[in-house]
Each structure stands twice: as structure tokens, then as C-alpha cells.
Amino acid sequence: MANTSRRRFLRAASAGVAGAALGLPTIAADPVLGMIFPPANTPVPPEARLMYPSGVEFRSTGVGLERMTPEGYDHVVDRIVPAAQTIAAQGANAIAVMGTSLTFYKGAAFNQDLQQSIAKATGLPATTMSTAIIWRWRQLITKR
């Protein structure tokens, strides 16, 4: 399932590039990745722009996490989907929720439900840091 989700996510993120190559005016020149961060007012990290200096645009927002505790996460978790909707309205082609502990503190089912809720609310592919870590871990242990 994670493999399929990752493929969908990458396909949507690359759709803008393909559209630009074909000269389609309704698709942005560069795909736009929406990034949701646990703290408020978190800018796009410099590493994102170093990894993708061109070819991908980023939009970011935060949900105002003040403390990395279950109570702190509970306080902001209901802000994630509205944040995703805001970023979608800003032109994102896909949404990524950053902050591993925020996305795994209630377990795998919660993480999956969060991704599905974002996708349903925005019509965009969504992923989380927890999903990325598990996907990569599975790749590594499969190669053994």
C-alpha cells in the first residue's frame, strides 16, 4: 500500500513538469509540494531547496504545536486537514505532513486515516513523515 501511495504521490508531483513540457497552460510550470509543519510559522527548510533547487515549488504552513507531548499533539491534530486545504488552495499538487512524532503518536491506523482525510478534503495525494520512514525502512530490509 505504501508503495502504491508513494507512486501516486510522485506521479501527482511530477504532473506539473509533464504538463509544462507539453505546453499545457492549465498546469503550473513546476509541481508544488505543500508541506505542513507541527510548529506555527515554519518556513520551507533550506534542505528542500538544496535538494530541489529547480523543478519543484514549495508551500508551507504550520499548525501551532507548542509542546511535543500527546496533549500538545491532541491540541493541534484537528488543524492539519484545514491547513492542507489552505495549501491546496495555494496551488499544491500534493501534501506532505512533516513531523514524524505528530503523525505516529496514535499509531499506524491514525497515520493512515490522517493521510486519507487530507486526500479526501483536498482531492490531492497526501503523505506523512511516518509513511516515508516506514517505506524506506521496508526498502532497506527487503534488500537484505
**OP:** State the number of residues belonging to the stretch 88-103 that are surrounded by 19 or more Cβ atoms within 10 Å (Cβ to Cβ) and free of Cβ contacts under 8 Å to residues at least 60 places away in the same chain.
**Re:** 2
Original post:
Among L124, L102, L114, which is closer than 22 Å to P39 by Cα, touching a strand residue (DSSP E or B) at 6+ places or on another chain (Cβ under 7 Å) and either not in a helix (DSSP H, G or I) or not β-branched (V, I, T) (or both)?
Top reply: L114
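Checking the condition part of a helix (DSSP H, G or I), exposed (fewer than 15 other Cβ atoms within 10 Å of the Cβ) and not hydroxyl-bearing (S, T, Y), which residue from A132, A109 passes? Break it down into steps so the answer makes sense when it comes.
Details: A132 fails: exposed (fewer than 15 other Cβ atoms within 10 Å of the Cβ).
Of the residues listed, the single one that is part of a helix (DSSP H, G or I), exposed (fewer than 15 other Cβ atoms within 10 Å of the Cβ) and not hydroxyl-bearing (S, T, Y) is A109.
Within the stretch 46-80, take every residue that is in a loop (DSSP other than H, G, I, E, B) and within 14 Å of the chain's Cα centre (by Cα) and give me the one that is modelled with the lowest pLDDT. Lay out the reasoning, then the answer.
At the first step, the residues of the stretch 46-80 found to be in a loop (DSSP other than H, G, I, E, B) are 52-56, 63-69.
Now narrow it down to the ones that are within 14 Å of the chain's Cα centre (by Cα): 56, 63.
Numbers: V56: 92, V63: 97.
Here the answer is V56.
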**OP:** Would you mention how many residues in the stretch 53-86 are out of contact with any helix residue (DSSP H, G or I) (no Cβ under 8 Å at 6 or more places or on another chain) and of a type in the set (V, I, T)?
**Re:** 2
**OP:** Among the candidates P39, P43, single out the residue that is assigned to a loop (DSSP other than H, G, I, E, B), modelled with pLDDT under 90 and on the phi < 0 side of the Ramachandran plot.
**Re:** P43
**OP:** May I ask you to list pairs of residues, at least six apart or on different chains, whose Cβ atoms are under 7 Å apart, with the first in the stretch 131-144 being more than 18 Å from K106 (Cα to Cα) and the second being among the polar types (S, T, N, Q)?
**Re:** none
Subject >> Count - residues of the stretch 93-122 that are under 13 Å from the mean Cα position of the chain (by Cα) and on the phi > 0 side of the Ramachandran plot >> reply: 1
Original post:
Based on what the data block shows, is A84 outside any helix (DSSP H, G or I), under 13 Å from F37 (Cα atoms), of a type in the set (G, A, S) and within 14 Å of the chain's Cα centre (by Cα)?
Top reply: no
Original post:
What single numbered condition from (1) at pLDDT 90 or above; (2) over 20 Å from P39 (Cα atoms); (3) among the charged types (D, E, K, R) fails to hold for R138?
Top reply: (1)
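May I ask you to verify whether A29 is of a type in the set (G, A, S) and within 13 Å of I118 (Cβ to Cβ)?
Values: of a type in the set (G, A, S): yes; within 13 Å of I118 (Cβ to Cβ): no.
No.
The values are calculated or read from the model by the stated rules, or taken from the named source; none is laboratory data. Note that the structure is a prediction, hence the values are computed from the model and not measured. Heads up, the Cβs are rebuilt from the backbone with ideal geometry, glycines too, and the neighbour counts pull from every protein chain shown.
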